[in-house]
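Working notes for the structure below.
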Protein chains: 2
Amino acid sequence: MTNEAVQRTQHDGVRTQGREAIPEIARQLRAIDICMLATRGDDGEVHARPMSNNGQVEWDGSSWFFAPADGRLVAEIRQHPEAVATYRADDRFAWVAVSGRAKLVDDAEAKRERWLPELERWFPNAPDDPGVALLRIDATAAQWWTDQGDGQADLK
Amino acid sequence: MTNEAVQRTQHDGVRTQGREAIPEIARQLRAIDICMLATRGDDGEVHARPMSNNGQVEWDGSSWFFAPADGRLVAEIRQHPEAVATYRADDRFAWVAVSGRAKLVDDAEAKRERWLPELERWFPNAPDDPGVALLRIDATAAQWWTDQGDGQADLK
């Protein structure tokens with residue numbers, strides 16, 4: 001950990017790191033396919049739904065998800081782009097929360113590049129189906145709680 | 001399912017039930033101790049943290065959590081009471097999201113009644129420690145995705 005990171009503001013007694021924490025967060029996320037993605041609705045409620053991480057191998061601070069273009073998730077992030085994706089490890093005590101801002105990426109090339117055959121279970125005609133939206137969430141902060149310790153990172 | 005429930009609005013192709021779904025949701029939650037609780041921060045970010053359900057045996061539409069009175073969760077729900085608690089089963093494909101409104105319950109009797117010895121790991125002097133807050137989240141909606149089907153309920 002860099003000296004700069006050590007000097008960052010503390011919250012709840014845990015030292016806050018910066019973007020140098022991304023490889024460590026990526027290591028935590030590597031084995032977890034499904035997260036719960038929470039967003040704000042227009043009715044004031046906060047909603048969440050399970051989302052596949054699409055076998056993302058090396059997390060670099062941005063997460064990518066496919067979603068129905070006419071569904072509630074896409075409608076919500078158009079109004080309120082702030083979201084949090086939460087992850088839980090299968091095999092040990094490890095929880096990660098990644099807060100960020102979601103953006104719709106309307107780019108056929110990007111959709112094809114990130115497409116995986118197992119997504120056909122949900123979207124049989126994709127990636128070229130206009131009913132399928134691609135979302136990118138750029139992390140602004142992350143926090144984790146594991147059997148090897150807790151941490152948080154400011155990723156802005 | 002009642003006829004009235006069948007006639008409720010549909011979202012995303014899933015039939016919406018009402019409060020008659022509470023026993024079914026309780027059955028899903030029974031085996032899951034830890035959820036991720038997501039709330040809105042003043043900075044616009046959405047945050048989440050793992051929270052213990054305190055061995056809640058029979059969920060009746062309200063969830064109870066203990067939290068540090070001076071921590072970020074309590075500060076956030078004072079500003080924005082809307083929250084979502086997300087649950088994942090250990091042993092099968094089952095995810096549940098319970099949206100609701102959080103309220104601080106400043107009642108020593110209620111704290112003592114809901115206290116469990118294992119909470120001393122986090123709060124050694126509780127339940128009578130003023131540094132420990134008790135939160136009740138009254139569900140307004142729930143949604144679930146399981147290997148036996150998906151569903152949603154309007155719990156207002």
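Data for the structure
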item	result
Segments classed as strands (runs of 3 or more DSSP E), wholly inside segment B:82-156, with at least 1 members that are touching a Gly at 6+ places or on another chain (Cβ under 6 Å)	B:82-88, B:132-146, B:149-154
Selected residue (criterion: farthest from B:HIS47 (Cα to Cα)) from residues of segment B:114-128 that are aliphatic (A, V, I, L, M) and surrounded by 14 or more Cβ atoms within 10 Å (Cβ to Cβ)	B:ALA126
Enumeration of residues in segment B:70-86 that are in contact with a Lys or Arg (Cβ under 7 Å, 6 or more places away or on another chain) and either among the hydrophobic types (A, V, I, L, M, F, W, C) or closer than 20 Å to B:ARG114 by Cα (or both)	B:LEU73
Count of segment B:41-81 residues which are part of a loop (DSSP other than H, G, I, E, B) and either touching a Phe, Trp or Tyr at 6+ places or on another chain (Cβ under 8 Å) or not β-branched (Val, Ile, Thr) (or both)	18
Any hit, segment A:77-98, residues being over 25 Å from A:ASP147 (Cβ atoms) and in contact (Cβ under 8 Å) with a residue 60 or more places away in the chain	no
Hits in segment A:78-113 (condition: more than 11 Å from chain B (Cβ to nearest Cβ), over 25 Å from B:ASP90 (Cβ atoms) and either modelled with pLDDT of 95 or more or surrounded by fewer than 18 Cβ atoms within 10 Å (Cβ to Cβ) (or both))	A:ARG78, A:GLN79, A:LYS103, A:LEU104, A:VAL105, A:ASP106, A:ASP107, A:ALA108, A:GLU109, A:ALA110, A:ARG112, A:GLU113
Extreme residue, nearest to B:THR146 (Cα to Cα), among residues of segment A:33-76 that are β-branched (Val, Ile, Thr) and within 14 Å of chain B (Cβ to nearest Cβ)	A:ILE34
Residue in segment B:19-26 that is closer than 26 Å to A:TRP144 by Cβ, in contact (Cβ under 8 Å) with a residue 24 or more places away in the chain and away from chain A (no Cβ under 12 Å) present	no
Residues located in segment B:44-61, provided they are under 27 Å from A:MET51 (Cβ atoms) and either loosely packed, with under 15 Cβ neighbours inside 10 Å or of a type in the set (Phe, Trp, Tyr) (or both)	B:GLY44, B:TRP59
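A quick yes/no check of all residues on (1) more than 26 Å from B:PRO117 (Cβ to Cβ); (2) modelled with pLDDT of 90 or more; (3) not hydrophobic (A, V, I, L, M, F, W, C):
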site	(1), (2), (3)
B:GLY13	yes, no, yes
B:ARG19	yes, yes, yes
B:THR39	yes, yes, yes
B:MET51	no, yes, no
B:GLU58	no, no, yes
B:PRO68	no, yes, yes
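The values are calculated or read from the model by the stated rules, or taken from the named source; none is laboratory data. Just so it is clear, the structure is predicted and the values come from calculations on it, not from any experiment. Reconstructed Cβ throughout: ideal geometry from the backbone, glycine too, with neighbour counts over all protein chains shown.
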